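*Asks:* Submitted below is the structure of interest, expressed as structure tokens.
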Amino acid sequence: MNIQLKQEHQLKNDYAGSFLQDVLKGLSAQPKKLSSKYFYDKTGDHLFQQIMAMPEYYLTHCELNIFQNKTEELAKAISNINESFDLIELGAGDAMKSSYLLKNLVEKGTDFTYMPIDISGNILTVLQKNLQEKLPELKILPLEGEYFDMLDKATGISKRKKVVLFLGGNIGNMEVEEARHFCSEVKRKLNPGDLFLVGFDLKKNPNTILAAYNDPAGITASFNLNLLTRINRELNADFNEKQFQHYQTYDPVSGACRSFLVSLCDQDVHVGNQLFHFKENELIDMEISQKFSEQDIKKLAGDSGFHILSEIKDAKNWFVDSIWMI
Ligand code: AVI
């Protein structure tokens, strides 16, 4: 086994260890909690692709609208910083949206390396294959793992200016305090003049928001329940998925859109050799998808040490890509 393979193997083992620890800690908490960052195994990736294709899930079209129609504006805003840079995408997924920007930059002969970071090796393999076919001149270096470990790796690889993309409203999958901490950490890893482009889903008609997460086809429910299946398979647990039900809420005042699983009966669940009791109607807090006002975004940028350089919105003004500088 060469050094790189050994490191990758070690990374996978560390990841499996923290998955178990996070699940045990979350199920011991009051209320019980599981982290949505673990939704994305192979089935989870597939379900998320289905969510993005749902008519109710407006987020896909909003940010796609920005990347398709305001590509030049985006390209100008990020390539003004220097002739050459590394374009790092946190949670790149299938890079469907960013591929429009990549194409624009490649066609202009911009000197940059695309470094997609994702926790899912499956999706990175697909992404690399697709991009190499579409844009053979693109320099691409995929990085599989946790965002900050991979951000350290990326900043260690070259000293060029960095542009970090965090798209898709992923920032919303953090509690407000967590988002502040996350953005401050990104800032700590960057240098003056580097850029951070964050996609925010804006507050809008609450019915539109709720419908996006409470789809009648039940895909979002399966997306949540799949985490129980994953825990069964990977952590030797015995959740009965049929005994849990998806429940979604949206609070238009705070902007918190939350999903829960409700225990449909009194039941015991083993995870490895630990036992967890669920009362009937007890909740597992599964995911937050926070929605933002313009003031919320300004506050978050300021609190984490950035200032807003420019903001690019979709045609409906439902979503914003906010470009920050240190
Ligand atoms: C990945 N993230 C931005 C999605 C969201 O909208 O919060 C995850 C998701 N959960 C349910 N539907 C989509």
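The values are calculated or read from the model by the stated rules, or taken from the named source; none is laboratory data. Predicted, not measured: the structure shown is a model, and the values here were computed from it. Every residue, glycine as well, gets a Cβ built from its backbone with ideal geometry; the counts of neighbours run over all protein chains shown. Heads up: the accessible areas ignore ligands, DNA and RNA and are worked out on the full protein's heavy atoms, side chains in. Shrake-Rupley method; radii C 1.70, N 1.55, O 1.52, S 1.80 Å.
*Asks:* Taking region 18-50 as the search range and keeping residues that are aliphatic (A, V, I, L, M), outside any loop (DSSP other than H, G, I, E, B) and open to solvent by 10 Å² or more (accessible area, probe 1.4 Å), which one is nearest to the ligand (Cβ to nearest atom)?
*Replies:* Filtering first and then ranking leaves 47.
*Asks:* Restricting attention to region 247-257, which residues are in contact (Cβ under 8 Å) with a residue 40 or more places away in the chain and either assigned to a strand (DSSP E or B) or open to solvent by 60 Å² or more (accessible area, probe 1.4 Å) (or both)?
*Replies:* 250, 252, 257
*Asks:* Scan region 258-277 residue by residue and report those that are free of Cβ contacts under 8 Å to residues at least 12 places away in the same chain and among the hydrophobic types (A, V, I, L, M, F, W, C).
*Replies:* Passing the criteria: only 275.
*Asks:* When you go through (1) within 19 Å of residue 37 (Cα to Cα); (2) outside any helix (DSSP H, G or I); (3) not charged (D, E, K, R) one by one for residue 232, which number turns out not to apply?
*Replies:* Against the list (1) within 19 Å of residue 37 (Cα to Cα); (2) outside any helix (DSSP H, G or I); (3) not charged (D, E, K, R), residue 232 comes up short only on (2).
*Asks:* Checking residue 260 against (1) buried (at least 22 other Cβ atoms within 10 Å of the Cβ); (2) more than 20 Å from residue 320 (Cα to Cα), only one condition comes out false. Which one?
*Replies:* Tallying (1) buried (at least 22 other Cβ atoms within 10 Å of the Cβ); (2) more than 20 Å from residue 320 (Cα to Cα), residue 260 fails exactly one: (1).
*Asks:* Now a separate question. Look at region 152-189 and say how many of its residues are open to solvent by 10 Å² or more (accessible area, probe 1.4 Å), of a type outside the set (Ser, Thr, Tyr) and away from the ligand (no atom under 16 Å from the Cβ).
*Replies:* So the count comes out to 14.
*Asks:* Given the structure, is residue 229 buried (at least 22 other Cβ atoms within 10 Å of the Cβ), hydroxyl-bearing (Ser, Thr, Tyr) and modelled with pLDDT of 95 or more? Reasoning before the result, please.
*Replies:* Values: buried (at least 22 other Cβ atoms within 10 Å of the Cβ): no; hydroxyl-bearing (Ser, Thr, Tyr): yes; modelled with pLDDT of 95 or more: yes.
Spelling it out, it is not the case that residue 229 is buried (at least 22 other Cβ atoms within 10 Å of the Cβ), hydroxyl-bearing (Ser, Thr, Tyr) and modelled with pLDDT of 95 or more.
*Asks:* With the requirement that a residue be in contact (Cβ under 8 Å) with a residue 12 or more places away in the chain, assigned to a helix (DSSP H, G or I) and small (Gly, Ala, Ser), what does region 113-161 give you?
*Replies:* Residues satisfying the conditions are 121, 154.
*Asks:* In addition: Strands (runs of 3 or more DSSP E) wholly in region 258-322 with at least 1 residues that are within 16 Å of the ligand (Cβ to nearest atom) and not assigned by TED's automatic domain parsing to the domain that holds residue 185 - which ones?
*Replies:* Correct list: 283-288.
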